[in-house]
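S.K.: This is the structure I have questions about; it appears just below.
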Amino acid sequence: MEPFQEFLNKVLPGNHWFNFFGFIGTLLVGTLLRRPIGRLLSQVLFAVVRKVSRENEVSVQEFVALLRRPLEYVFLLVMVYFAFDLIRIPIHWGLAHKTEFGIRLILYRIYKSLLILALTWAVIRFVKFLAVVFKRRAERTETRVDDQLVPFLKDILIVLVVVISGLIITGKIFNIDVATLIAGLGIGGIAVALAARETLENLIASFTIFADGSFVVGDSIQISQTMGDVEKIGFRSTRIRTVDGSMMTVPNRLIVSQMLENQSQREFRRAKYTIRLDLKTSAATLKQVIDQIQDAIDAHEFTKSKPGSVRFDTFGDQSFDVLIIYHVETSDFRTFNRVKEELNFKIMQIVEANDVRFASPISTVNLKNDFQTQSVSDNSLS
């Protein structure tokens, strides 16, 4: 060890070989053991908070999957601190103390910032764990208000954690007076406020949506030309899954500023259309077709609770027009279309069984032979 100690005295004077190998060993331990230590810390933390997740709402495997990685980096950063604490900086390097401006101060502040960010990451993952717990509890309740409230509060808490972390880094690590900084922004602060105006409007609108209770997650709504099922209400926007499967993201301020139709609160959906039968259909046959269609509507399980109406409406130019109106007992648009399709096929079967044809529109086109007319005119002049 003496040759190695002589080498250290030349390169890093003031450090013993024990300090150097302790530095290397601590870094290796932190690198090699960060995963098992992260898993162990997650399991220990779950044992502490397992009362929050009763009835196996969240398993230990799910908890470890959420918290393991951020705790790994927290452990690694702590080991890095202990490793560098074993090494003494030679005086002849002329580096300023970590309390004075210089490379040591910059590295020290970067390290503390990374440590706070890793802890912030762990706290955010813990918030997500709580959100999973309360979401699964909300799924067991009859009301759907808590189903949309849990993800909303989760997003709010995550934003607060990030903002508090940023204020700690700015104020405590970089020694910047946050209040003075905000007050001194002046015109820049006004510009930032104006830029964030829409975000604030959306945030206030989200509270309005919760307070008003005009719709909840899972409801089928229509806003302007957008119709679909509400999947999530965030503090900035609402996500709507349309009938064709597309995901629409609508800002909350637009939702509260225009007319909204909550189709889930309907007890019935109305179907109204006209079928046109051939003019050759006799009166007796036409009445028989109408009566059979009425019976089919009255017998269907989704339309029998509210009487429908099938009437010979009018004499068309090329058909007998039969008006059909019925109400489907559902608020779901897909169920409504399915019932409507079933009745449409039933109506086709009734029409075919009575040897009646649907009317086909006939168009008469009169063609004028301009060439022949012009020839006749020339001959008469000659």
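S.K.: Could you please let me know if LEU32 is open to solvent by less than 90 Å² (accessible area, probe 1.4 Å) and either at pLDDT 65 or above or part of a helix (DSSP H, G or I) (or both)? Explain how you work it out, then say what you get.
M.R.: Working: open to solvent by less than 90 Å² (accessible area, probe 1.4 Å): no; either at pLDDT 65 or above or part of a helix (DSSP H, G or I) (or both): yes.
No.
S.K.: Right, something else. If you go through the stretch 315-357 one residue at a time, how many are open to solvent by 70 Å² or more (accessible area, probe 1.4 Å) and not in a helix (DSSP H, G or I)? I'd like the intermediate steps shown before the answer.
M.R.: Here is the first cut: in the stretch 315-357, the residues open to solvent by 70 Å² or more (accessible area, probe 1.4 Å) are 315, 317-318, 329, 334, 338, 341-342, 345-346, 348-349, 352-353, 355, 357.
Adding the requirement that they be not in a helix (DSSP H, G or I) leaves 315, 317-318, 329, 355, 357.
The number of residues fulfilling the criteria is 6.
S.K.: Then there is this: State all residues of the stretch 70-125 that are in contact with a Phe, Trp or Tyr (Cβ under 8 Å, 6 or more places away or on another chain) and either at pLDDT below 80 or not aliphatic (A, V, I, L, M) (or both); if no residue qualifies, say none.
M.R.: Passing the criteria: PRO70, TYR73, TYR81, PHE84, LEU86, ILE87, LYS98, ARG109, TYR111, TRP121.
S.K.: Are any of the residues in the stretch 218-239 out of contact with any strand residue (DSSP E or B) (no Cβ under 7 Å at 6 or more places or on another chain), part of a strand (DSSP E or B) and at pLDDT 80 or above?
M.R.: yes
S.K.: If you scan the stretch 256-297, which residues turn out to be over 30 Å from GLN222 (Cα atoms) and of a type in the set (D, E, K, R)?
M.R.: If we filter the stretch 256-297 for residues that are over 30 Å from GLN222 (Cα atoms), which is where we start, we get 276-296.
Result: ARG276, ASP278, LYS280, LYS287, ASP291, ASP295.
S.K.: Search the stretch 319-342 for residues being touching a Lys or Arg at 6+ places or on another chain (Cβ under 8 Å) and of a type outside the set (A, V, I, L, M, F, W, C), and hand back the single one that is modelled with the lowest pLDDT. Before you say what the answer is, go through the steps one by one.
M.R.: Filtering the stretch 319-342 down to residues touching a Lys or Arg at 6+ places or on another chain (Cβ under 8 Å) leaves 319-331, 333, 336.
Retained after the next criterion (residues that are of a type outside the set (A, V, I, L, M, F, W, C)): 319, 321, 326-327, 329-331.
On the way: SER319: 92, ASP321: 94, TYR326: 93, HIS327: 91, GLU329: 87, THR330: 84, SER331: 76.
Checking each candidate, the answer is SER331.
S.K.: Just wondering, is there one or more residues in the stretch 248-261 that are open to solvent by 80 Å² or more (accessible area, probe 1.4 Å), out of contact with any helix residue (DSSP H, G or I) (no Cβ under 9 Å at 6 or more places or on another chain) and over 21 Å from GLN225 (Cβ atoms)?
M.R.: No: zero hits.
S.K.: Something else about it: Could you list, in sequence order, all residues of the stretch 130-145 that are out of contact with any Ser or Thr (no Cβ under 8 Å at 6 or more places or on another chain) and open to solvent by less than 40 Å² (accessible area, probe 1.4 Å)? Let's see the steps before the verdict.
M.R.: Within the stretch 130-145, the subset out of contact with any Ser or Thr (no Cβ under 8 Å at 6 or more places or on another chain) is 130-132, 134-145.
Within the stretch 130-145, ALA131, ALA138 qualify.
S.K.: Checking the condition in a loop (DSSP other than H, G, I, E, B) and open to solvent by less than 50 Å² (accessible area, probe 1.4 Å), which residue from THR285, THR281 passes?
M.R.: Working: THR285 fails: in a loop (DSSP other than H, G, I, E, B).
Unique residue meeting the criteria: THR281.
S.K.: Of all residues in the stretch 146-161 being free of Cβ contacts under 8 Å to residues at least 24 places away in the same chain and open to solvent by 60 Å² or more (accessible area, probe 1.4 Å), which is nearest to LEU115 (Cα to Cα)? Spell out how you get there, then give the answer.
M.R.: Step one: of the stretch 146-161, the residues free of Cβ contacts under 8 Å to residues at least 24 places away in the same chain are 146, 150, 153, 160.
Within this subset, residues satisfying the condition of being open to solvent by 60 Å² or more (accessible area, probe 1.4 Å) are 153, 160.
Values: LEU153: 26, LEU160: 18 Å.
Among those that are free of Cβ contacts under 8 Å to residues at least 24 places away in the same chain and open to solvent by 60 Å² or more (accessible area, probe 1.4 Å), it is LEU160.
S.K.: Test ILE164 against the criterion of being open to solvent by 40 Å² or more (accessible area, probe 1.4 Å), modelled with pLDDT of 70 or more and in a helix (DSSP H, G or I), and give yes or no.
M.R.: Details: open to solvent by 40 Å² or more (accessible area, probe 1.4 Å): yes; modelled with pLDDT of 70 or more: yes; in a helix (DSSP H, G or I): yes.
Criteria met by ILE164.
The values are calculated or read from the model by the stated rules, or taken from the named source; none is laboratory data. All of these numbers come straight from a predicted model, not from anything done at the bench. Cβ: placed from backbone, ideal geometry, glycine included. Neighbour counts: every protein chain shown. Heads up: the accessible areas ignore ligands, DNA and RNA and are worked out on the full protein's heavy atoms, side chains in. Shrake-Rupley method; radii C 1.70, N 1.55, O 1.52, S 1.80 Å.
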